[in-house]
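Worksheet: the structure to be examined is printed underneath.
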Amino acid sequence: GIRVRPRDWSQTCALPISTVGFIEGVAEATASIVKIFSGALSDRLGKRKALAAFGYGLAAFTKPVFALATSLGWIVAARFVDRVGKGIRGAPRDALVADLSPAEVRGASFGLRQSLDTIGAFAGPLIAMALIWWSVNNFTLVFWLAVIPGLMSFLLIVFAVRDAPRAPGERARAPLSIAAMGQLGAPYWRVVAIASVFTLARFSEAFLILRAHQAGLPLMFAPAVLVLMNLIYAASAYPAGALSDRMDRRRLLVFGLSLLILADLALAAPVGGLWMIGVGVALWGLHMGFSQGLLAAMVADAAPAQLRGTAFGWFNFFAGVAMLLASVIAGVLWDAFGPTGTFLAGAAFTTVALAAIVSSRR
């Protein structure tokens with residue numbers, strides 16, 4: 001195979017921060033657009049497992065492209081296809097979790113899903129750091145080994161997961177019609193609106209790595225940023241979800257957004273060095289635990305059962321558009337004003353979302 005030398009990757013990554021933000025934003029927005037159609041198709045067919053499995057399989061089989069890439073174009077293309085796979089599986093998978101979960105433990109179910117999903121997110125960078133050190137910066141080997149967990153996830157959903165039983169009348173005939181959008185109801189669209197504003201403040205985690213590197217963290221230890229954030233995210237998501245089954249989910253969401261404001265302020269601080277960055281990253285992970293699973297449970301609560309796939313599709317679409325705007329805005333602000341301006345803007349957007357939640361009806 002074609003070997004990618006460390007210096008080639010250094011040249012590939014020598015991009016303006018605004019370009020990094022644009023690439024990340026486009027990748028996530030692409031996944032969000034695909035989620036609309038995959039979610040609606042799962043409602044139309046009354047089957048969710050097959051679409052989720054196809055999405056996991058597509059992402060798994062694009063991993064070798066990263067190992068063989070010799071230019072930025074290959075990396076962007078592989079990232080794009082990987083996000084398409086994420087988009088195909090996302091809405092059907094979340095709707096399947098809602099279908100299989102009793103209403104009284106729905107928050108715990110989504111919290112558990114977030115925790116298990118996030119364990120891989122922090123274990124992956126940790127293993128990557130060890131492999132980079134062990135292989136003396138052999139990135140090609142690291143990307144080839146990344147094929148293994150992707151393939152395992154595909155096989156697991158194919159052989160160990162079943163669709164929830166559905167009556168023929170529960171299938172949506174036209175899930176993307178204007179009438180279907182109206183059937184989703186005002187409470188659902190309020191959740192979407194609040195989440196979209198909130199996402200403007202929650203730009204790509206790539207900026208957390210850039211902030212830590214700018215503060216003096218060696219590049220070899222950059223994955224440690226994601227390890228710390230996702231470790232706290234995984235530890236808090238299930239308890240937060242379980243707690244939301246016993247109290248108003250909105251109150252916990254207010255707490256989660258308050259944590260994001262504190263995280264942005266810590267990351268914007270010009271003093272404190274890597275210790276302050278560590279505090280900000282930890283608070284960022286904690287806010288994820290107290291927001292992502294809760295928002296998913298709120299969508300499942302508000303959406304009719306026959307339109308859950310479509311509901312998660314639209315929810316992720318608007319969140320993806322907000323993520324694209326957030327990543328581009330964050331990159332432009334970083335180039336113009338540095339990290340302080342970027343994270344202070346994030347705190348401002350979070351404050352707007354927080355005000356919207358406090359003032360909204362239950």
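Identify all residues within region 253-271 that are open to solvent by 70 Å² or more (accessible area, probe 1.4 Å) and part of a helix (DSSP H, G or I); write none if there are none.
Correct list: Phe255, Leu262, Leu265.
Which ones in region 345-362 are open to solvent by 60 Å² or more (accessible area, probe 1.4 Å) and touching a Leu at 6+ places or on another chain (Cβ under 7 Å)?
Phe349
It is to be established whether one or more residues within region 348-355 are part of a helix (DSSP H, G or I) and farther than 27 Å from Ala212 by Cβ.
yes
Please work out which one of (1) closer than 30 Å to Ser258 by Cβ; (2) assigned to a loop (DSSP other than H, G, I, E, B) is the condition Val191 fails and give its number.
Failed condition: (2).
Of the conditions (1) open to solvent by less than 30 Å² (accessible area, probe 1.4 Å); (2) in contact (Cβ under 8 Å) with a residue 24 or more places away in the chain, Leu274 clears all except one; give me its number.
(1)
Taking the conditions exactly as written (part of a helix (DSSP H, G or I) and at pLDDT below 90), does Leu325 satisfy them or not?
When the stated conditions are applied, Leu325 passes them.
Would you check if there is a residue in region 159-171 being open to solvent by 20 Å² or more (accessible area, probe 1.4 Å) and aromatic (Phe, Trp, Tyr)?
Within region 159-171 (the criterion being open to solvent by 20 Å² or more (accessible area, probe 1.4 Å) and aromatic (Phe, Trp, Tyr)), the answer is yes, since at least one residue qualifies.
Considering only region 322-353, how many residues are in contact with a Ser or Thr (Cβ under 7 Å, 6 or more places away or on another chain) and more than 15 Å from Ala206 (Cα to Cα)?
Final tally of qualifying residues: 1.
I'd like to verify a number: residues in region 22-46 that are modelled with pLDDT of 85 or more and open to solvent by 40 Å² or more (accessible area, probe 1.4 Å), how many?
Final tally of qualifying residues: 4.
Is there a residue in region 72-94 that is among the aromatic types (Phe, Trp, Tyr), free of Cβ contacts under 8 Å to residues at least 12 places away in the same chain and part of a helix (DSSP H, G or I)?
Yes, that holds for at least one residue.
Are any residues in region 62-103 open to solvent by 30 Å² or more (accessible area, probe 1.4 Å), modelled with pLDDT under 85 and small (Gly, Ala, Ser), and if so, which ones?
Passing the criteria: Ser71, Gly73, Ala77.
Working only within region 320-344, note down all residues that are small (Gly, Ala, Ser) and buried (at least 22 other Cβ atoms within 10 Å of the Cβ).
Listed by number, the residues that qualify are Gly320, Ala322, Ala326, Ser327, Ala330, Gly331.
Within the bounds of region 211-229, is there any residue that is of a type in the set (Lys, Arg) and assigned to a helix (DSSP H, G or I)?
Scanning region 211-229 turns up at least one residue that is of a type in the set (Lys, Arg) and assigned to a helix (DSSP H, G or I).
Before we move on, is Arg250 in a helix (DSSP H, G or I), open to solvent by 10 Å² or more (accessible area, probe 1.4 Å), basic (Lys, Arg) and closer than 17 Å to Met276 by Cα?
Criteria not met by Arg250.
Name every residue in region 230-247 that is in a loop (DSSP other than H, G, I, E, B) and either under 20 Å from the mean Cα position of the chain (by Cα) or in contact (Cβ under 8 Å) with a residue 60 or more places away in the chain (or both), in order of residue number.
Passing the criteria: only Asp245.
Which count do you get for residues in region 301-318 that are surrounded by 24 or more Cβ atoms within 10 Å (Cβ to Cβ) and assigned to a helix (DSSP H, G or I)?
Count: 10.
Tell me, please, whether a residue that is farther than 30 Å from Trp284 by Cβ, open to solvent by 40 Å² or more (accessible area, probe 1.4 Å) and part of a helix (DSSP H, G or I) can be found in region 140-150.
Yes, there is a match, as at least one residue in region 140-150 is farther than 30 Å from Trp284 by Cβ, open to solvent by 40 Å² or more (accessible area, probe 1.4 Å) and part of a helix (DSSP H, G or I).
The values are calculated or read from the model by the stated rules, or taken from the named source; none is laboratory data. Please read all numbers here as calculations on a predicted model, not as lab measurements. Note that we place each Cβ from the backbone using ideal geometry, even for glycine, and neighbour counts take in every protein chain shown. Remember, those area values only see protein heavy atoms, side chains included, never the ligands or the DNA or RNA. Shrake-Rupley method; radii C 1.70, N 1.55, O 1.52, S 1.80 Å.
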